[in-house]
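Take a look at the structure set out below.
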Amino acid sequence: MEDVFRFADELGPAKVVHTWEPKTGLRAVLVVDNVAAGPAIGGVRMAPDVTTEECFRLARAMTFKNAAAGLPHGGGKVVLYGDPKMPVAGKERLIRALCRSMESEKEYIFAPDMGTDETCMAWIKDEIDRVVGLPRVVGGIPLDQVGATGFGIGHVVEVTLPFCDFGLDGARVAIQGFGAVGTHAARFLAERGAVLVAAADTGGTLHDPDGLDVEALIALKAEGRSVTDHPRGVKLPVDGIIDVPCEIWIPAARPDVIHADNVDRLQARLVVEGANIPITHDAEQTLHERGVLVVPDFIANAGGVICAAVEYLHGTQTQAFQAIEEKLRANVREVLDTVRSQGVLPRQAAIDLATRRVKRAMSYRRWSVF
């Protein structure tokens, strides 16, 4: 019994669901963390090595993210065991089986995440119709295609710069995870004068201190290739991105990529967390003590879920981008003002902000977390 409830605290989770279907090989976990503010929005993450603990941590991040963004939604997450690069027919079968296994979980709204995209969301709509991040042709705002999260990260960087000792023009940027989030963040920052000096994906790291051609790398990714297929630059191992000297380092891939064993290698002055839980708490503390400003994940990368929430209410892309800019710029200023005035870790300032808002929502409910 103790093991089952090891994640429980005053905020949740309200529900943890494990599902298994032997005919399709479906194995998945749903965590509905806290829905005091409204039904949970959270992505479906597909990878062969996901865990229940990872699902809970991501669901809690979504609770905080939605609360900090002032959205009428709680936090939830699904992790789906499997290789996201499997043949399309097999992936579709798993996604559709997942939907049917969770058809009765009315307090969870499916959304795309690592390993899933708007096509997967269209399959979900066909099964249960409780989903966001859909293709335009079925009335959605495709989050990855329009670059909602990367757009938000660009605004986060702009708001953060007055708290740093460098400007954006000529600032060196390194992006770990040059995918749906990283590519759009790179484009947004390059348009404002920053220089992309390194990019990494599962194929490795590409580094050029004189700057990389952002559009050429985006074109490579659109062809299904790796950044290391570009003829210019130095090819490094996947984790070589950690060693690249830069002003701005953006993790936009898996959890816990920076931890106690490698944090001393990081040579950045500002870290903006484009991925969820990409840096362990101890590593964030180390960076804070070194004077490196770290903007926490659920503040920095909330552009995607803000866009999803607008879509859920049948809003437009223009309305979504206006909401992203307004909410993220305000939240970053509030968090960093607290960091400056109180000297606390940025994550602690962000957690305090989000927790206050979650508890306020809970105070209106008969049952606090659901």
Output the residue which, of all residues in the stretch 343-370 that are surrounded by 15 or more Cβ atoms within 10 Å (Cβ to Cβ) and of a type in the set (Ser, Thr, Tyr), is farthest from residue 273 (Cα to Cα).
368
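Restricting to the stretch 23-37, name every residue that is of a type in the set (Gly, Ala, Ser) and either modelled with pLDDT under 95 or farther than 16 Å from residue 13 by Cβ (or both).
Within the stretch 23-37, 25 is the sole residue that qualifies.
Evaluate the stretch 131-141: report whether one residue or more is among the aliphatic types (A, V, I, L, M), more than 21 Å from residue 210 (Cα to Cα) and touching a strand residue (DSSP E or B) at 6+ places or on another chain (Cβ under 7 Å). It would help to see each step written out before you state the result.
The initial filter retains those residues of the stretch 131-141 that are among the aliphatic types (A, V, I, L, M), namely 131-132, 134, 137-138, 141.
Right, trim to more than 21 Å from residue 210 (Cα to Cα) and you get 131-132, 134, 137-138, 141.
From the residues that got through so far, the ones that are touching a strand residue (DSSP E or B) at 6+ places or on another chain (Cβ under 7 Å) too are 131-132.
The answer is yes, given that some residue of the stretch 131-141 is among the aliphatic types (A, V, I, L, M), more than 21 Å from residue 210 (Cα to Cα) and touching a strand residue (DSSP E or B) at 6+ places or on another chain (Cβ under 7 Å).
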Pick from the stretch 152-180, criterion surrounded by fewer than 24 Cβ atoms within 10 Å (Cβ to Cβ) and among the aromatic types (Phe, Trp, Tyr), ranking: nearest to residue 265 (Cα to Cα):
166
Residues satisfying the stated conditions in the stretch 82-112, i.e. part of a helix (DSSP H, G or I) and touching a strand residue (DSSP E or B) at 6+ places or on another chain (Cβ under 7 Å):
94, 97, 98, 101
Restricting to the stretch 89-138, what's the tally of residues that are in contact with a Pro (Cβ under 6 Å, 6 or more places away or on another chain) and touching a residue at least 24 places away in the same chain (Cβ under 8 Å)?
5
For the condition over 17 Å from residue 132 (Cβ atoms), crowded, with 24+ Cβ neighbours inside 10 Å and modelled with pLDDT under 95, what is the one hit in 8, 68?
68
Give the residue that is surrounded by the most Cβ atoms within 10 Å (Cβ to Cβ), with candidates limited to residues of the stretch 95-121 that are of a type in the set (A, V, I, L, M, F, W, C) and within 17 Å of residue 307 (Cβ to Cβ).
110
Would you confirm whether or not the stretch 175-184 contains a residue that is without any contact (Cβ under 8 Å) to a residue 60 or more places away in the chain and over 18 Å from residue 273 (Cβ atoms)?
no
Read through the list (1) charged (D, E, K, R); (2) surrounded by 21 or more Cβ atoms within 10 Å (Cβ to Cβ); (3) farther than 29 Å from residue 244 by Cβ, then give the number of the only condition that residue 126 fails.
(2)
Conditions: (1) in a strand (DSSP E or B); (2) in contact with an Asp or Glu (Cβ under 7 Å, 6 or more places away or on another chain); (3) not acidic (Asp, Glu). Residue 175 meets all but one. Number of the miss?
(2)
Which numbered condition trips up residue 116, out of (1) under 24 Å from residue 292 (Cβ atoms); (2) part of a loop (DSSP other than H, G, I, E, B)?
(1)
Residue ID - surrounded by the fewest Cβ atoms within 10 Å (Cβ to Cβ), chosen from residues in the stretch 181-203 that are among the aliphatic types (A, V, I, L, M) and assigned to a strand (DSSP E or B):
195
By my count, helices (runs of 4 or more DSSP H) wholly in the stretch 243-342 with at least 1 residues that are buried (at least 20 other Cβ atoms within 10 Å of the Cβ) and either out of contact with any strand residue (DSSP E or B) (no Cβ under 8 Å at 6 or more places or on another chain) or of a type in the set (Phe, Trp, Tyr) (or both) are 297-300, 303-312, 317-342
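The values are calculated or read from the model by the stated rules, or taken from the named source; none is laboratory data. This one's a predicted model, so the numbers in the text were calculated from it and none came from an experiment. Cβ: placed from backbone, ideal geometry, glycine included. Neighbour counts: every protein chain shown.
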